[in-house]
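Visitor: Before we start, here is the structure in question, set down as structure tokens.
Just so it is clear, none of the values below were taken in a lab; they were calculated from the coordinates. This one's a predicted model, so the numbers in the text were calculated from it and none came from an experiment. All Cβ positions, even for glycine, are placed from backbone atoms using ideal geometry, and neighbour counts span all protein chains on display.
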Amino acid sequence: MAVIEVDELCKKYDDHVVLDRVSFSVEKGEVFGILGPNGAGKTTAVECVEGLRRPDSGTIRVLGSDPIDQSLELRERIGVQLQHTRLPETIKVWEALDLYASFYSRPRDWRELLEWWGLAEQRDTRFGRLSGGQKQRLFIALALVGDPEVAFLDELTTGLDPQARRATWELVERVRAEGVTVVLVSHFMDEVEELCDRVAVFDRGRVVALDTLAGLIDRVDPEYRMGFRLMDGGASPASAPEALLGNLPGVGSVSRTDDRVELVGRGDFATEVTAALARERLLVADLRIDGRSLDDAFIALTGHSFRATENGDGS
């Protein structure tokens, strides 16, 4: 069931088109990624969905409501962590949660959130003295204090070190486990690959693709490559890998040079290959599967690299 439906969304400032007929839907209970380089229109689209910006045209429904005309009703049901969230440097963690809880008619117990998000020890710590990871925990807790059905998280790991990023990803998984639908806005491909069930790829104000991660990658190149070195040096049946592996489901081709075997296939053929090797008790070394990446998909879909666009060189 779709909890968010966006159809033909358009937004421009003067002559600059920010959103060009953007359409997507978000299903209940999923982590939905909105991926694109800086300036691609991601945040503008989400702010329209949240009711913070009025689109020039198009329709939006969030939990069946119009986010502009029914904004007060809807804000009781959604949680928002903005891209540029700021709090007074001197406000204490408990004070911020208590303040945000007062905005809702039926908020969660913010004391419970302190424990849940590992902030109990920072209860009386002022915002300006929190680490980057602690601030992100607080921002997510603030987005959830109204007990929302849908949470919007915009660029929540920008500026964090790798350890803090990984910890924040675990928090997002915890949010989903509570039954909250999550819309995650990011310009980090690894983040989207780690967390999202489906992703809308934005480029220059348009949605250029919308699919699961596997589906996006399969549009570009449905074939995987797998290679390994035979340990037995050529004993049968390893001496004829084509006979052993060539007819397995998904395997397209098998080639061998000395003790090195290379395969090309589709789908889950690597599982079939490793199972066949195990059945024959064949030992292999230097096993490698050449993975296809979301970055490769972005290049194929847009004609330029993700990083070049992000740096302003791909426009």
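Visitor: Between Asp20 and Glu194, what FRET efficiency follows from the Cβ-Cβ distance if R0 is 41 Å, with the result rounded to 0.05?
Guide: On the way: r = 29 Å, r/R0 = 0.70.
In this case the efficiency is close to 0.90.
Visitor: Regarding the stretch 2-217, what whole-number volume in Å³ per residue does the convex hull of its Cα atoms give? Could the numbers behind the result be given before it?
Guide: Working: hull volume 25.4 nm³, N = 216.
So the per-residue Cα hull volume is 118 Å³.
Visitor: Continuing with this model, one more query. Taking amide hydrogens as modeled 1.01 Å from N in the peptide plane, which residues meet the under 5 Å criterion relative to Glu27, leaving out close sequence neighbours?
Guide: Val3
Visitor: Nearest 0.05, what FRET efficiency do Asp296 and Tyr104 give at R0 = 41 Å with Cβ-Cβ as r?
Guide: Numbers: r = 44 Å, r/R0 = 1.06.
The calculated FRET efficiency here is 0.40.
Visitor: Just to verify a number: FRET efficiency for Asp7 and Arg225, C-beta to C-beta distance, R0 = 41 Å, to 0.05?
Guide: The computed FRET efficiency comes out at 0.55.
Visitor: A follow-up question, please. Which one, Phe32, Trp94, Leu213, is farthest towards the positive end of the dipole of the chain when Lys and Arg carry +1 and Asp and Glu -1 on their Cβ?
Guide: Value computed over the given set: Trp94.
Visitor: Now for a different question. With only Lys, Arg, Asp and Glu charged, each at its Cβ (+1 for the first two, -1 for the last two), find how big the charge dipole of the chain is about the Cα centre; round to the nearest 20 debye. Don't skip to the answer; put the middle values down first.
Guide: On the way: 38 positive and 55 negative charges, 93 e Å.
Approximately 440 debye in magnitude.
Visitor: If you rank Phe202, Phe152 by fewest surrounding Cβ atoms within 10 Å, what's the result?
Guide: Values: Phe202 28, Phe152 24.
Lowest count first: Phe152, Phe202.
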